[in-house]
Amino acid sequence: MPIVDVRPVVSASHHFPADAAQVIADSIARVMNADTGRVWVRLTELPKDKYAENGEVVDDNDLPVFVQVLHADWPTEDARVEEAKALAVAVAASLGRQVERVHIEYAPPGRGRVAFGGRLVV
């Protein structure tokens, strides 16, 4: 673990390369100093017509990326602060987006809630 969901908002004409999920996973693994096969990334594109910000129209150059991180146990607050900064830089670089438009959300810890192959993480 961790499991990382990456949801970039994309315009109708934009397509990421076929290896985008792998590039993101490798980049995040470096940030987290994770062993091979320990970072799982799910990349889902969110069409621009399914996203809005109140009171304004978002330019294609300012489209955000939403990232949700699920750890078995939360890192300390200080560690989350540093990790969030590094993840934003890594994801932005991987997708060619602005760091300021990468938004990180930490899911509740997975221990006791997540099962792999039917085996609960305890």
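Each reported figure results from applying straightforward, stated rules to the coordinates on display, with no laboratory input. What you see is a predicted model, and the numbers here were worked out from it, not measured in a lab. Quick reminder, even Gly has a Cβ in these numbers, built from the backbone with ideal geometry, and neighbours come from all protein chains shown.
Within segment 52-78, count every residue that is closer than 16 Å to Val10 by Cβ and surrounded by 15 or more Cβ atoms within 10 Å (Cβ to Cβ). So that I can check it myself, show each step before the final result.
The initial filter retains those residues of segment 52-78 that are closer than 16 Å to Val10 by Cβ, namely 52-53, 57-67.
From the residues that got through so far, the ones that are surrounded by 15 or more Cβ atoms within 10 Å (Cβ to Cβ) too are 58, 63-67.
Result for segment 52-78: 6.
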Query raised in the report: Considering segment 1-32 alone, what residues qualify as being over 18 Å from Tyr106 (Cβ atoms) and either surrounded by fewer than 16 Cβ atoms within 10 Å (Cβ to Cβ) or without any contact (Cβ under 8 Å) to a residue 12 or more places away in the chain (or both)?
Result: Ser11, Ala12, Ser13, His14, His15, Pro17, Ala18, Asp19, Gln22, Asp26, Arg30
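Criterion first (among the polar types (S, T, N, Q), out of contact with any strand residue (DSSP E or B) (no Cβ under 7 Å at 6 or more places or on another chain), surrounded by 12 or more Cβ atoms within 10 Å (Cβ to Cβ) and over 16 Å from Met1 (Cα atoms)) does Ser94 satisfy it?
Numbers: among the polar types (S, T, N, Q): yes; out of contact with any strand residue (DSSP E or B) (no Cβ under 7 Å at 6 or more places or on another chain): yes; surrounded by 12 or more Cβ atoms within 10 Å (Cβ to Cβ): yes; over 16 Å from Met1 (Cα atoms): yes.
It is true that Ser94 is among the polar types (S, T, N, Q), out of contact with any strand residue (DSSP E or B) (no Cβ under 7 Å at 6 or more places or on another chain), surrounded by 12 or more Cβ atoms within 10 Å (Cβ to Cβ) and over 16 Å from Met1 (Cα atoms).
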Report task. Name every residue in segment 88-108 that is among the charged types (D, E, K, R) and more than 20 Å from Asp78 (Cβ to Cβ), in order of residue number. Result -> Arg97, Glu100, Arg101
